[in-house]
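Have a look at the structure below, then the notes.
None of the figures in this text is laboratory data; all of them are computed from the coordinates on show. These numbers come from a predicted model, not from an experiment. Glycine gets a Cβ as well: all are built from the backbone with ideal geometry, and neighbour counts include every protein chain shown.
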Amino acid sequence: MPENSATVAVIGLGAMGLPMATRLATRFRVAGFEPYEPRRATAGESGIEVHPTPAEAGRHADLALLAVRDDAQARTALFGPDGVLETLPAGSPVILTSTIGPEAARDLAEKLDAAGYPLVDAPISGGPVRAGQGDLLIVVGAAGAALDATRPVLEHLSSTLTIVGPRPGDGQALKTINQLLAGVHIAAAAEAVALSRGLGLDPAVMIAALSQGAAGSFMFADRGPRMLEAYTGGAEVKSRVDIFVKDMGIVTSVGRAAHVPLPLAAAAQQLYLIAEAAGLGTRDDSSVVTVLSPDTTPSLDTTEAATS
């Protein structure tokens with residue numbers, strides 16, 4: 001049973017939104033909105049009050065939490081027809097957990113402020129499993145009453161809560177650096193698996209061995225095994241390729257605006273774009289390995305190679 005009388009409207013019950021809403025439902029009342037019917041059914045089984053529109057979800061809420069894909073979806077959820085601001089009580093804070101970039105967050109905050117709502121910029125990192133366990137990294141750009149009002153929600157979702165600065169956009173700035181590292185690490189893991197296959201080594205042995213040493217990283221240990229699943233029916237979709245197309249686009253554009261060269265981020269961005277162009281946009285991001293090392297690698301004819 002919820003321990004807190006506050007009601008949180010969670011807008012977006014996707015790969016991250018649903019486990020966050022489920023986690024929040026152990027302490028708060030949660031009213032959710034999700035356009036995808038199977039997700040709505042799962043949410044209802046998790047103790048979440050599911051509503052047909054964002055406006056209905058926000059009608060009796062004390063605050064709203066956006067767990068949508070991008071800036072366009074965030075604006076539609078807030079300001080569009082049947083948007084949550086049609087019913088959310090004036091002055092209620094809006095938590096933005098999505099990665100949309102610093103400038104977009106600042107612009108969104110200005111529009112919300114003009115409508116009478118404070119924005120708490122709180123992008124998340126950690127994946128669906130950790131979201132359901134309250135083990136997320138959350139980096140926040142907010143201050144004052146809005147931060148105080150949302151802190152119990154943020155603390156219930158996170159094991160690491162960092163207040164980066166007082167302004168919306170500050171959290172997005174740090175999350176941009178997080179995505180730079182995550183995106184490059186996934187690309188590097190894909191290259192390692194591809195090279196392992198090309199050398200005739202067992203990639204599973206390589207991953208198990210090297211993830212324990214200096215070459216290891218969270219993404220290598222997490223995505224490496226999922227990359228092997230990409231060759232046997234595909235890994236469960238936890239973070240889509242097109243999400244990293246978006247996020248690495250944010251990284252490189254922020255780098256350009258700051259006049260900071262990001263050659264590794266740019267190279268990783270191209271890998272995600274190539275994967276998306278190959279039709280893998282809705283697949284798990286681990287599937288980028290198949291771009292570098294297809295399922296069937298032609299064997300080298302050494303006789304022809306020697307005489308060519």
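Centre-to-centre separation between the Cα atoms of the range 35-102 and those of the range 134-209: 23 Å.
Rounded to the nearest 0.05, what FRET efficiency do D202 and Q270 have when you use their Cβ-Cβ distance and R0 = 30 Å? Kindly include the intermediate steps, with their values, before the conclusion.
Values: r = 28 Å, r/R0 = 0.95.
FRET efficiency, D202 to Q270: 0.60.
Dipole magnitude of the chain about its Cα centre, charges +1 at Lys/Arg Cβ and -1 at Asp/Glu Cβ only, in debye to the nearest 20? With Lys and Arg at +1 and Asp and Glu at -1, about 360 debye.
Taking the Cα centre of the range 88-190 as origin and assigning +1 to Lys and Arg Cβ atoms and -1 to Asp and Glu Cβ atoms, the resulting dipole is close to 160 debye. Just to verify a number: FRET efficiency for T232 and S159, C-beta to C-beta distance, R0 = 35 Å, to 0.05? That pair, T232 with S159, gives E of 0.60.
Gain in length, A115 to A214, computed as 0.36 nm per residue apart minus the alpha-carbon separation, to one decimal in nm? Don't skip to the answer; put the middle values down first.
Details: separation 99, 0.36 × 99 = 35.64 nm, distance 5.02 nm.
Roughly 30.6 nm would be gained on extension.
Test of understanding: ordering D113, D107 by Cβ neighbours within 10 Å, fewest first, what list do you get? Working shown, then result.
On the way: D113 12, D107 16.
The most exposed by this proxy come first: D113, D107.
Beta bridges per DSSP, both residues in the chain: antiparallel share near 15 percent.
The candidate values are (1) 41, 24, 16; (2) 43, 19, 17; (3) 39, 21, 17; the one derived from this structure for semi-axes √(5λ) of the Cα gyration tensor in Å carries the label (3).
Rg over Rh for the range 71-173 works out to 0.95, using Cα positions for both radii and the Kirkwood form for Rh.
Based only on other Cβ atoms within 10 Å, what is the fewest-to-most ordering of V193, V245? Let's see the in-between values first.
On the way: V193 29, V245 19.
Final ranking by Cβ density, sparse to dense: V245, V193.
The residues neighbouring G169, those whose beta-carbon lies less than 15 Å from its own, together hold a net charge of -3 under the Lys/Arg +1, Asp/Glu -1 convention. For G198, the shell of other residues with beta-carbons less than 14 Å away shows a net charge of -2, using +1 for Lys and Arg and -1 for Asp and Glu.
Okay, helix-only estimate at 222 nm for the chain: each DSSP H run of n ≥ 4 adds -39500 (n - 2.57), divide by all residues, round to 500 deg cm²/dmol; what do you get?
Mean residue ellipticity at 222 nm (helix-derived): -15000 deg cm²/dmol.
If you take all other residues with their beta carbon under 15 Å from the beta carbon of D295, and give Lys and Arg +1 and Asp and Glu -1, the sum is +1.
By the Cα gyration tensor, the range 173-292 has an equivalent ellipsoid whose semi-axes, rounded to whole angstrom, run 24, 16, 12 from largest to smallest.
Using mean Cβ contacts within 10 Å as the protection proxy, how do 50-63, 209-222 order, highest first? Write out the running numbers ahead of the final one.
Details: 50-63: 21.2, 209-222: 14.3.
Highest-to-lowest ranking by the protection proxy: 50-63, 209-222.
Maximal additional length on extending the R256-D148 stretch stands at 35.4 nm, based on 0.36 nm per residue less the C-alpha distance.
Sorting E103, E276, E155, E45 by the number of Cβ atoms found within 10 Å of their own Cβ, with the fewest placed first, yields E45, E155, E103, E276.
Among the helices of the chain, those built from whole DSSP H runs whose Cα atoms reach 30 Å or more along their own axis and whose mean Kyte-Doolittle hydropathy is at least 0.0 are 170-198.
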